[in-house]
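Report on one structure; see the data block that follows.
The values are calculated or read from the model by the stated rules, or taken from the named source; none is laboratory data. As the structure is a computational prediction, the values presented were derived from the model and not from experiment. Here the Cβ positions follow ideal geometry from the backbone for every residue, glycine too, while neighbour counts run over all protein chains shown.
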Protein chains: 2
Amino acid sequence: MSHESRRRGRPAANAVDGRERIVAAARNQFAAKGFRATTLRSIASEAGVDVALIAHHFGSKLGLFAASLQLPEKAHTLLLSSLAGPPRTQGKRLTAAYLSLWEDPQTGPQIQAITRAAVADPEASSALQSTLSGLVAQADVHQLLEGRRTGFFLAMSHLLGIAIMRYVVQLPDIAGADLDELAARIAPAVQRHLDASDKQTSAS
Amino acid sequence: MSHESRRRGRPAANAVDGRERIVAAARNQFAAKGFRATTLRSIASEAGVDVALIAHHFGSKLGLFAASLQLPEKAHTLLLSSLAGPPRTQGKRLTAAYLSLWEDPQTGPQIQAITRAAVADPEASSALQSTLSGLVAQADVHQLLEGRRTGFFLAMSHLLGIAIMRYVVQLPDIAGADLDELAARIAPAVQRHLDASDKQTSAS
């Protein structure tokens, strides 16, 4: 299969296509088999490209996993714009935006699969760590969170825990809850975390 | 190896021992290889017992995984006693008790390994789901949570998310935080969830 695909079309025209096909195949396979059991060879085969092309674009399996962690542009924009706007209601908007990514039939399965893989394998966990750290290092995100990095990550931790209970573990009490009601119960806690400045010492 | 172990000692005296060795080996292997790649045969081999003994005690791989999810008696008692006492400070006590399980050199690696395996594999996730549902069905826990099941699971979701970010993903902002300060920032959110009655409709 890889030989055929190398033969067809002009390489230049296929470069972007190939990259996207590789990432899509990687998401599929990391989701189905986990990080460790997935091989570059099997991803190359599904994407219809040569293994060398993966090495060229992503360097290594870990590099490819990191690329597969990137949210689609649409999702990234959604999260970012939820942080923009009145600070008092940031928690409500971030909660709604985050949960909508998990509910979405396109981004939901992807974010779930990648979360499963990232939590399961220590090497994959460290790729998620870099991705999250990189996210708040971006100028636009950094500016929106002005001195509230820890609070942002506490808020994201809360949302991650809810998503795991609702979509991964599917605990009836959380999975069966009405989405709006669930969001309304979580948003104040998320808001509280977002309100706290990094320099603020703990208060009970 | 399994043949030797079947020969030595009196079967009756070894029954409890054998069960414990099986669960210990199961925790090791689910942790190291994940749920799917672990076989009853390899667990039997590590525990020095016959595969039939695992079937006898646990029925199946899923049954054995469920058994390996059970916290040691000590840990269970710790969580339970954190819920007893003044309701106003339940959140603070539950947060401290839960984080101490992850910090503990004995229970920490175990709870981490099992969390990784349970999140990674859908079948293992459903075992975790049953275990958590079973936990609040116990008479003593049920009584302590009187009509606040959803709030308890929202609180546990928050704590789970924090634990994943701190101990599994090891995000510097959360992993590097002082434990007491971290607990003090989370406890009010946990308390708020525990305070909300199941019948309470959402309030923002």
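Observations on the structure shown:
- Check on B:P188, surrounded by fewer than 16 Cβ atoms within 10 Å (Cβ to Cβ) and at the interface with chain A (Cβ under 8 Å from one of its Cβ atoms): no
- Extreme residue, surrounded by the most Cβ atoms within 10 Å (Cβ to Cβ), among residues of segment A:128-159 that are touching a residue at least 40 places away in the same chain (Cβ under 8 Å) and more than 29 Å from A:L182 (Cβ to Cβ): A:S130
- Extreme residue, farthest from A:A117 (Cα to Cα), among residues of segment A:67-95 that are among the hydrophobic types (A, V, I, L, M, F, W, C) and surrounded by 20 or more Cβ atoms within 10 Å (Cβ to Cβ): A:L94
- For segment B:22-41, a residue qualifies if it is of a type in the set (S, T, N, Q) and surrounded by fewer than 16 Cβ atoms within 10 Å (Cβ to Cβ), and exactly one does: B:T39.
- Of all residues making up segment B:168-182, the number that are under 14 Å from A:F153 (Cα atoms) and either surrounded by fewer than 20 Cβ atoms within 10 Å (Cβ to Cβ) or small (G, A, S) (or both): 5
- Summed over segment A:130-170, residues that are facing chain B (nearest Cβ under 8 Å) and outside any helix (DSSP H, G or I) total 2.
- Residue in segment B:89-105 that is within 30 Å of A:I111 (Cα to Cα) and at pLDDT below 90 present: no
- Single unsatisfied condition, A:V190 versus (1) in contact (Cβ under 8 Å) with a residue 60 or more places away in the chain; (2) not in a helix (DSSP H, G or I): (2)
- Odd one out for B:A177, checked against (1) in a loop (DSSP other than H, G, I, E, B); (2) more than 9 Å from every other protein chain (Cβ to nearest Cβ): (2)
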